1. Mind checking which lysines have their C-alpha under 21 Å from B:Lys107, skipping anything on the same chain fewer than 8 residues away?
2. Given a 10 angstrom Cα cut-off, can you work out which residue in A:Arg57, A:Arg168, A:Arg213 is the most mobile in a GNM of chain A?
3. Taking each label point as 7 Å beyond Cα in the direction of the beta carbon, state the distances from A:Glu219 to the same residue in the other copies, shortest first, in nm.
4. Kindly provide the pair-distance distribution of chain A built from C-alpha pairs, with 10 Å bins from 0 and whole-percent values in order of increasing distance.
5. Between B:Asp27 and B:Asp183, what is the label-point separation in nm under the 7 Å Cα-to-beta-carbon projection?
6. With each run of n ≥ 4 DSSP H residues scored as -39500 (n - 2.57), what mean residue ellipticity at 222 nm is computed for chain A after dividing by its residue count and rounding to the nearest 500 deg cm²/dmol?
7. Using the 2.2 N^0.38 Å rule of thumb for compact globular proteins, work out how region B:155-218 stacks up: its C-alpha Rg over that value, please.
8. Contour minus end-to-end for A:Asp228 and A:Tyr94, with contour as 0.36 nm per residue of separation and end-to-end as the Cα-Cα distance?
There are 2 protein chains.
Amino acid sequence: MGTPRTYTYDYPMPAVTVDCVVFGWDDNDLHVLLIERGEKPYEGQAALPGGFIQVGRESLEQAARRELEEETGIRNYHLEQLGTFGNPDRDPRYHVVTVAYFALVRKSDHRPRGGTDARSAAWCPLDEVPSLAFDHDEILAVAKKRLYGKLRYKPLGFQLLPRKFPLRDLQRLYETASGGEVDKRNFRKKVLEMGILEDLNETESDVAHRAARLYRFNESAYRKRSRDGWHFEL
Amino acid sequence: MGTPRTYTYDYPMPAVTVDCVVFGWDDNDLHVLLIERGEKPYEGQAALPGGFIQVGRESLEQAARRELEEETGIRNYHLEQLGTFGNPDRDPRYHVVTVAYFALVRKSDHRPRGGTDARSAAWCPLDEVPSLAFDHDEILAVAKKRLYGKLRYKPLGFQLLPRKFPLRDLQRLYETASGGEVDKRNFRKKVLEMGILEDLNETESDVAHRAARLYRFNESAYRKRSRDGWHFEL
DNA sequence: GCCTGATAGTGTGATTGTCACACCCAAGCA
DNA sequence: TGCTTGGGTGTGACAATCACACTATCAGGC
């Protein structure tokens, strides 16, 4: 559509892309969403989903959301900027500056292989990630570090868990992030005393043991406490 | 030098710049380094120092350091990436994506108006900053928030203070960042027990009151403790 | 040289938060 | 019905945090 044309500048220009590190949680493990590249540099290799920004037409965050939705069909997720990577040789073709984003999604909200179309997007457990295209290994490493750090002092874990969850699952997630074990009783006491979880008076079903109570993150309670100078920490 | 030429692409390209928020500390107040714009959009208005990256030739951090050194002559400072701003209309001319950096310098290391040349760079107290060009107000706001947050859990304050400093000054800096007052005795005890300050057995001179002892940040002690899983917090 | 104003430096006790720890309970399944 | 699995609950020891007030030292002015 439209006549082919070209764009001329007085100086060399870099290309700008966005790449997204999408984390999902699956009962026991963190997963990242990877695509398989269908085009030339690094064709066939795994990479982070992303693409070029539409110059003059969208903000960086809009570009990240657009790419994510196009390539993976996911919606409703936490998204924040992670950092920008711009070494001149990070793309073998020419100078590409990429703005990396960091997304947290509820895997349970999206049908197992949500792929609307195009290149295959698939969840990959964090400790089985293959070598990635470009400098995406480095980007992923930064994202991991940021996620683990941030889970402790921002209530981001609730963006990964299903809306209703038992405390056990919350604890597992935090143990994964901190790399250590946590005492069950202390964990429960601490979390419940924060007053940001709503007890749903429901229990799990279909489990082969005593069913656990389900809770929901109470965002407005969280915001109220935050306004009063309190801050989340686990 | 070199023949004038142009650069042609199949797609529209954004420009990429770096901008630096440079903080300095002056006994009692935080200052930011601002330049006065000498060129068209926002000519004559205050702005953050920065400029275009050299496409294909330097990384983003190299670009930030180059621009800072060119425009202000400062050297030896802490520099980290702050975030990237890329709304299509943030520059009235065309789509410019800017990668913001965040620098901490010892004002005492640099002669009062270090300007090597070119446009005038000047320190401005944080609470007297005028309205800035582009979206630099927003960038500065993000930087301030990041600085205040980070001072509490990373030993960045020592990058702002002179190498030898009395505890009083350290306390002032932290009070500024946290917006509250702190008990002198508790502060001293806490800081000294960290074991990351070296007592120089020297005192201030030329003060109209009892001279305070001077201390120095002991980076290797800090790193050793960090490796053992300890973390800085004030 | 002595008085004054300004800031440096120092210890304790009360309170609060953090941590480690073990047992009984409910439900599904064989 | 009993075995297995994980759910749910309280207390006491210890450590960290907080609030708090006085004496010491220096420079400058009188």
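1. Within the straight-line cut-off, B:Lys107 pairs with B:Lys144, B:Lys145, B:Lys150, B:Lys154, B:Lys164.
2. Per the Cα network of chain A with a 10 Å cutoff, A:Arg57 tops the list.
3. Result, one decimal in nm: 4.3.
4. Distribution as computed: 7, 28, 31, 20, 10, 3, 1, 0 percent.
5. 3.0 nm
6. -8500 deg cm²/dmol
7. Taking the Cα Rg and dividing by 2.2 N^0.38 Å, one obtains 1.09.
8. Net length gain for the segment: 43.3 nm.
The values are calculated or read from the model by the stated rules, or taken from the named source; none is laboratory data. Predicted model only: the values in this text are computed from it and were never measured. Here Cβ is always computed from backbone atoms with ideal geometry, including for glycine, and neighbour counts include all displayed protein chains. Accessible surface areas use protein heavy atoms only, side chains included; no ligands, DNA or RNA. Shrake-Rupley method; radii C 1.70, N 1.55, O 1.52, S 1.80 Å.
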